[in-house]
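Participant: Handing you this structure, nothing more for now.
The values are calculated or read from the model by the stated rules, or taken from the named source; none is laboratory data. No experiment lies behind these values; they were computed from the predicted model shown. All Cβ positions, even for glycine, are placed from backbone atoms using ideal geometry, and neighbour counts span all protein chains on display.
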Amino acid sequence: MYRCKLSHLSLTQRVFKVTTTVSDPTASYPPDLVDRHFDQRSLNAVFTSDVTNMAIGESFAYLCAIRDEHSGRVLGFVFDHHMRTELVITAREQALRVRGGAVQGAKFHTDRGSQFSDRSGSETL
């Protein structure tokens with residue numbers, strides 16, 4: 001069992017599998033604009049994101065992180081007890097603030113989880 005301390009939280013390796021990528025079969029997904037070439041040699045060219053879960057004591061939380069693939073910097077992240085679209089929107093808003101809103105033309109690459117295909121969050125980045 002892995003164990004690490006993060007502030008006052010104790011994170012442990014989970015012994016069960018939680019599915020965080022649940023694709024919506026009726027959703028329309030954008031094409032893969034980066035063709036698996038994530039580092040396009042400039043800042044704000046490609047942002048990637050994912051949602052994962054982390055065991056915290058007897059409970060768990062979800063983490064959504066947004067990363068600039070050229071710098072490798074995490075620009076926004078959010079922990080919460082749910083993995084709804086608001087989790088992604090909040091992380092995206094953080095990323096926009098970090099970059100001062102100057103992300104015109106950036107490509108936002110994610111898996112096909114329903115949090116990323118929800119129309120309410122599609123205009124944020």
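Participant: Of all residues in segment 37-74, count the ones that are among the hydroxyl-bearing types (Ser, Thr, Tyr) and under 9 Å from the mean Cα position of the chain (by Cα).
Facilitator: Count: 3.
Participant: Condition first: under 10 Å from the mean Cα position of the chain (by Cα) and either without any contact (Cβ under 8 Å) to a residue 12 or more places away in the chain or more than 12 Å from Phe47 (Cβ to Cβ) (or both). Now tell me which residues in segment 75-89 satisfy that.
Facilitator: Phe77, Val78, Leu87, Ile89, listed by residue number.
Participant: Just one of (1) closer than 23 Å to Ala106 by Cα; (2) out of contact with any His (no Cβ under 9 Å at 6 or more places or on another chain); (3) assigned to a strand (DSSP E or B) trips up Phe79, so point out which.
Facilitator: (1)
Participant: Hey, another quick one. Between a residue in segment 33-47 that is on the phi > 0 side of the Ramachandran plot and any residue that is part of a loop (DSSP other than H, G, I, E, B) and among the basic types (Lys, Arg), which pairs come within a Cβ distance under 7 Å, given they are 6 or more apart or on different chains?
Facilitator: Note: pairs meeting the criteria are Asn44/Arg99.
Participant: Among the numbered criteria (1) touching a helix residue (DSSP H, G or I) at 6+ places or on another chain (Cβ under 8 Å); (2) buried (at least 16 other Cβ atoms within 10 Å of the Cβ); (3) at pLDDT 90 or above, which single criterion is violated by Ala91?
Facilitator: In the conditions (1) touching a helix residue (DSSP H, G or I) at 6+ places or on another chain (Cβ under 8 Å); (2) buried (at least 16 other Cβ atoms within 10 Å of the Cβ); (3) at pLDDT 90 or above, Ala91 misses (1) alone.
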